[in-house]
Amino acid sequence: MFLDAIPKYNGLSFQMEYAHKSAADNIVASTEFGDLKYATGTGFVPQGGYLFQNNLELGLRYANVRSDSGLYSGINDTDEYTIGLSRYFKNHNLKVQSDFIYRERLQGSDFLQFRLQFEMAF
């Protein structure tokens, strides 16, 4: 199951996604590369942003992923917090975007990530 919504109004934007994947049993498929365990669990991502008049956009995002507790899911329980900044040029045909991400894993090590990307449309 996958649900999403993306309302926008006067520079404000909000996006929300929810996904859930389940299986009746602990399914393992044998492949030529070894056993493959199917990832099952739930994910939720709300995100909001504001596009200023100068084509600069500030965004905030939270992501939550949880494994299916009844099965070996192959998913690490994770919370992720992101703040992003984007700048649009040439009628939004060119975008420069950066963000800082703090990822908190409930069974593993936390980390901080910085990302910078460029996007061009023709």
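Each reported figure results from applying straightforward, stated rules to the coordinates on display, with no laboratory input. Given the structure is predicted, the values throughout are model-derived calculations rather than measurements. Cβ coordinates were reconstructed from backbone atoms using ideal geometry, including for glycine residues, and neighbour counts include every protein chain displayed.
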So, counting K/R as plus one and D/E as minus one, what does the shell of residues with Cβ under 9 Å around TYR62 add up to? -1
Mean projection of the alpha-carbon convex hull of region 78-122 over all orientations, in nm²? 3.6 nm²
With a point put 7 Å past each Cα toward its Cβ, work out how far GLN53 is from ILE6 in nm, to one decimal. 2.7 nm
Once the other residues with Cβ under 9 Å from the Cβ of TYR81 are scored (Lys, Arg +1; Asp, Glu -1), what is the net sum? -1
